[in-house]
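Report on the structure given below.
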Amino acid sequence: MKRIIKHALGMLSLTALLVACGDDDETPPPMMVDCATTGPSITLTPTASVCGEDDGQVAVAITGGNGNLTVTIDPTPTGINFDGATATFTDVQPGTYTVEVVDDENCTASGSVTVDFSAGNLSYANDIDPIIQAKCSIAGCHDGTQPDFSDFATFQTRAQDLGAGGVRERVKTGDMPRSGSLTTEELSNILCWIDEGALDN
């Protein structure tokens, strides 16, 4: 019989399997299920999401289990998809998730997995510096009268400061740039480049 692997939105509220023993004259009770021996076990393998794309994956390798299987992930991000043939969640945003597998006998297996992000092909020279020169290193801002962001070392120091006064928090809250604004892509690129270490690449 072909095993069905499906995804149920949200987490399941499960109770332990109880087997009631009847009298000798009654129909024999069902066989006790040893979930520790026959229940499912899982191995979770994440794939990082490229910055701004929400294209991470969580592959769920399942062994054991009784009958058909239901797989859940929590939280369930908007836009996430589930491929039942390979038990793989796709289009996953960066974050930490709990995955649970339940079989037909209510035996369960669960685990946590973190989907990181990857900056992909982002580089300072090609993707970040043009933003800084156009929107930060301008007259009255970071053109030398204040911290000079046209100097990479100065900008890198401020970028690696993850406190409230650092570049990351100030662009995230909209405090920078002071004049104009960043597009969604520009903001995402700056944050990802910083989170990857603010490298001179």
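Can you give the FRET efficiency for THR96 and SER150, using 1/(1 + (r/R0)^6), R0 = 41 Å, r = Cβ-Cβ distance, to the nearest 0.05? Before the final figure, lay out the partial values.
Working: r = 38 Å, r/R0 = 0.94.
That pair, THR96 with SER150, gives E of 0.60.
Once the other residues with Cβ under 11 Å from the Cβ of ASP161 are scored (Lys, Arg +1; Asp, Glu -1), what is the net sum?
Details: positive: ARG158, ARG168, ARG170; negative: GLU169.
Once all neighbours under 11 Å are counted, the net charge is +2.
At 7 Å along the Cα-to-beta-carbon direction for both ASP195 and ASP104, put a label point, then send me their distance in nm to one decimal.
It works out to 4.2 nm between the two label points.
Give me the net charge of ASN201's neighbourhood, meaning all other residues with Cβ under 11 Å from the Cβ of ASN201; Lys, Arg count +1, Asp, Glu -1. Spell out each step's value before the answer.
On the way: positive: none; negative: ASP127, ASP129, GLU196, ASP200.
With Lys, Arg at +1 and Asp, Glu at -1, the net is -4.
Which value, in debye to the nearest 20, describes the size of the charge dipole of region 124-195 about its Cα centre when Lys and Arg Cβ atoms bear +1, Asp and Glu Cβ atoms bear -1, and nothing else is charged?
Working: 6 positive and 11 negative charges, 42 e Å.
Computed charge dipole of region 124-195: roughly 200 debye.
Expressed in nm to one decimal, what extension gain is obtained for the pair GLU185 and LYS172 from 0.36 nm per residue of sequence separation less their Cα-Cα distance?
Extra length available between GLU185 and LYS172 comes to 3.4 nm.
Bear in mind these aren't lab numbers, they're just calculated from the coordinates by the rules spelled out. Bear in mind that the values here come from a model prediction, so they are computed numbers and not experimental data. Cβ coordinates were reconstructed from backbone atoms using ideal geometry, including for glycine residues, and neighbour counts include every protein chain displayed.
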